[in-house]
Amino acid sequence: MKIALAYLLLLTLVMGGALVYGFTLGDFWKDGADLLENPWGMVSLFDVYVGFFFFIGWIWYRECCLGAKFFWALAILLGGNLVAGIYAIFVLLKSKGDAQVFFLGETRILKENENQNPAV
C-alpha cells in the first residue's frame with residue numbers, strides 16, 4: 001500500500017503543481033480559445049474528457065450511494081485529474097490496502113460474498 005499511496009500522492013501533487021503553473025502564468029480564457037482553434041488541441045480535450053469518463057465509470061461501479069456517484073463525477077468534470085487523484089487516494093486509504101475493496105468497493109464485495117454463500 002505504501003508504494004501505491006506514494007505513487008498516487010506524487011501524481012496528484014504533480015497535477016496540482018501543473019494547475020498552479022497554468023493558472024498563475026497563463027490566461028485560461030485566451031489560451032483555452034487558442035487550444036480550441038487547433039485540431040490537436042481538440043483531440044487533446046477529447047482525450048482528457050474520455051479519460052475522465054473512464055474514471056467516472058469506475059466510480060459508478062464501485063460506489064453504492066447515488067449522491068457520492070454524482071458528487072465525484074461532477075467534481076472530476078470540473079476539477080479534472082487533480083480530483084481523480086484525490087478520490088483514488090481517499091479510497092486507497094479507506095480500503096486499508098485491500099486491492100479488492102480498492103477496485104470494487106466494500107458494498108460490491110459484500111454483495112458478491114452473499115451471492116456465493118446464500119443463506120439456507
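The values are calculated or read from the model by the stated rules, or taken from the named source; none is laboratory data. No experiment lies behind these values; they were computed from the predicted model shown. With ideal geometry, Cβ positions are generated from the backbone for all residues, glycine too; neighbour counts draw on all protein chains shown.
In this structure, does residue 4 turn out to be more than 23 Å from residue 108 (Cβ to Cβ) and either out of contact with any Lys or Arg (no Cβ under 8 Å at 6 or more places or on another chain) or modelled with pLDDT of 95 or more (or both)? Taking the combined requirement at face value, the residue does not satisfy it. Residues in the range 83-105 include at least one that is buried (at least 18 other Cβ atoms within 10 Å of the Cβ) and not in a helix (DSSP H, G or I).
When residue 64 is tested against (1) of a type outside the set (D, E, K, R); (2) part of a helix (DSSP H, G or I); (3) closer than 17 Å to residue 103 by Cβ, just one condition goes unmet, and that condition is (2).
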